[in-house]
Amino acid sequence: MVPPRFRHPPHGRRLGPLPWFAAVVLASWLLLAMPVAMAMQQAEGAVTPAPYASGDAWLDGRLADIDVYAARHPEAFLAEIERYAGVPRAYVRSLLQQPGWRAGDAWFACFLARAVEAGCRDVVRARSHAGADADWARVAEEAGADAAAFARLRLALADSYRRWARPLRPDAALERHLAELGLHY
């Protein structure tokens, strides 16, 4: 039996190495150019969120980091709040869909509530009434947060980071508090 002969494309054109090479070059260019174009488009339309303003710069930095963590591990973030702050996942999930609420805001509201022995919904309502641009320092003060409550917040944050296996560099205040409790991070 004679093997079938290779048929050329219609109209007598042959596909040689040049069209194949051109396709590879075009695909490579698209793979390199598309992420750059998408990043530029996002940068033009992106709004940088306001920094957290809890009155504690170290804590504010960690709240911004919680935003990053929650974006990568949303279920672990929701599980943390549900289990250790006692707030249902569905509530936190719906809270994060509200304008002006980020993961760090949700974490802060729920753990602040725990630190001042209030309900998370009460703290959320207080911030909502104050406006999305209201700083957390004012909301925390109105909720009755004192230095001891902020110390409990810092410990809760250290515990969350430990459970998430996320690196944390404690500041001097947290180091002192951990030492008082005989703990080390």
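The values are calculated or read from the model by the stated rules, or taken from the named source; none is laboratory data. These numbers were taken from a predicted model, which means no experiment stands behind them. Backbone-built Cβ (ideal geometry, glycine too); neighbour counts: all protein chains shown. Side chains are part of the model used for accessible areas, which takes the heavy atoms of the whole protein and leaves out ligands, DNA and RNA. Shrake-Rupley method; radii C 1.70, N 1.55, O 1.52, S 1.80 Å.
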Q.
For Glu117, only one of the following conditions fails: (1) open to solvent by less than 50 Å² (accessible area, probe 1.4 Å); (2) free of Cβ contacts under 8 Å to residues at least 12 places away in the same chain. What is its number?
A. (1)
Q) Taking Ala151, is it part of a loop (DSSP other than H, G, I, E, B) and of a type in the set (A, V, I, L, M, F, W, C)? A) no
Q) Considering the range 72-94 alone, what residues qualify as being within 14 Å of Arg166 (Cα to Cα) and surrounded by fewer than 12 Cβ atoms within 10 Å (Cβ to Cβ)? A) Arg72
Q: Look through the range 120-139, keep the residues that are within 26 Å of Leu181 (Cβ to Cβ) and out of contact with any Phe, Trp or Tyr (no Cβ under 8 Å at 6 or more places or on another chain), and return whichever of them is surrounded by the most Cβ atoms within 10 Å (Cβ to Cβ).
A: Val123
Q) So which of Ala158, Ala137 ends up being under 17 Å from Asp56 (Cα atoms) and in contact (Cβ under 8 Å) with a residue 60 or more places away in the chain? A) Ala137
Q) Taking the range 133-170, which residues are aliphatic (A, V, I, L, M) and touching a Pro at 6+ places or on another chain (Cβ under 8 Å)? A) Ala158
Q) Which of the residues spanning the range 119-170 are within 20 Å of Leu95 (Cα to Cα), small (Gly, Ala, Ser) and in contact with a helix residue (DSSP H, G or I) (Cβ under 8 Å, 6 or more places away or on another chain)? A) Gly119, Ala126, Ala130, Ala134, Ala140, Ala143, Ser160
Q.
With assigned to a loop (DSSP other than H, G, I, E, B), basic (Lys, Arg) and open to solvent by 60 Å² or more (accessible area, probe 1.4 Å) as the only criterion, which of Arg169, Arg163 stands out?
A. Arg169
**Q.** Condition check for Ala145: open to solvent by less than 90 Å² (accessible area, probe 1.4 Å) and in a helix (DSSP H, G or I)
**A.** no
(Q) Checking the conditions here, which among Ala147, Ala137, Ala130 is in contact with a Gly (Cβ under 6 Å, 6 or more places away or on another chain) and not hydroxyl-bearing (Ser, Thr, Tyr)? (A) Ala137
Q) Got a sec? Which helices (runs of 4 or more DSSP H) wholly within the range 15-133 have at least 1 residues that are modelled with pLDDT of 95 or more? A) 57-72, 74-85, 89-96, 103-115, 120-130
